[in-house]
1. Under 16 Å between alpha carbons, and skipping anything fewer than 8 positions from Lys155 in its own chain: which aspartates and glutamates qualify?
2. Where both partners of a DSSP beta bridge lie in the range 36-164, what percent of those bridges are antiparallel, to the nearest 5?
3. With point charges of +1 on the Cβ of Lys and Arg and -1 on the Cβ of Asp and Glu, referenced to the Cα centre of the chain, which listed residue (Val128, Thr109, Met92) lies farthest in the positive direction of the dipole?
4. Considering the Cα trace of the chain, what is its radius of gyration and what is Dmax, both in angstroms?
5. Search the structure for amide H atoms under 5 Å from the amide H of Gly40, placed 1.01 Å from N in the peptide plane, and list their residues when 5 or more places away or on another chain.
6. Return the loop-located trypsin sites (Lys or Arg not before Pro) in the range 1-84 (DSSP other than H, G, I, E, B) with at most 15 other Cβ atoms within 10 Å of their own Cβ; answer none if there are none.
7. Where only protein heavy atoms count, and the probe is 1.4 Å, what is the accessible area per residue for the chain in Å²?
8. When the accessible area of the range 2-163 is computed with all protein chains present and a 1.4 Å probe, what percentage of it is carbon and sulfur?
Amino acid sequence: MSDNNDEFWIRHALTLAQRAWDEGEVPVGAVLVHQGRVIGEGWNRPIGHHDPTAHAEIMAIRQGGKVIENYRLIDTTLYVTLEPCVMCAGAMVHGRVGRLVFGTRDAKTGATGSLMDVLGHPGMNHQVQIEQGILAEECAALLSDFFRKRRAQKKNERQQRSEL
């Protein structure tokens, strides 16, 4: 797949990440593509769904399995705005996702080399091809803006409480 297609799908994932932001969730979006067609989409929803597993990647993987009626997602590409965590990386291995393309790294919880390398571990029974850094600046900026605004809101709330 060409870099232009990778950018197209990461841009689509960014629109899904914006949905997460709009719902008060950490803005991460994911798109699962099979043979050039979307079979799964997701955005972070653990708060709204009261479900710690409701990460963008998991939501897209679940939907993709239902669409193709198979838990094995062979020959798929998962596009994500942020480097996946351990849970999401594990789901990719178990689901046999063929390729992962992500925007920006996650130094705190990234499981494809930042904190640890789940997908590159030689003991895994499936290897996922990884492409990283696609629209990294845009993906990182969305997250930075979200957390900057969140910190400002919390500061305002603390100030309002102290004035009471």
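1. Of all the aspartates and glutamates, those that pass the test against Lys155 - Cα under 16 Å, at least 8 places apart if same chain - are Asp145, Glu163.
2. If I count the DSSP bridges inside the range 36-164, around 10 percent turn out antiparallel.
3. Thr109
4. Radius of gyration, then largest Cα-Cα span, for the chain: 16.4, 58 Å.
5. Leu32
6. Arg72
7. 55
8. Carbon-and-sulfur percentage of accessible area, whole number: 50.
The values are calculated or read from the model by the stated rules, or taken from the named source; none is laboratory data. All values derive from a computational prediction rather than experimental measurement. Cβ atoms come from the backbone with ideal geometry, glycine included; neighbour counts cover every protein chain shown. In case anyone asks, the SASA skips ligands and DNA or RNA and just uses the protein heavy atoms, side chains included. Shrake-Rupley method; radii C 1.70, N 1.55, O 1.52, S 1.80 Å.
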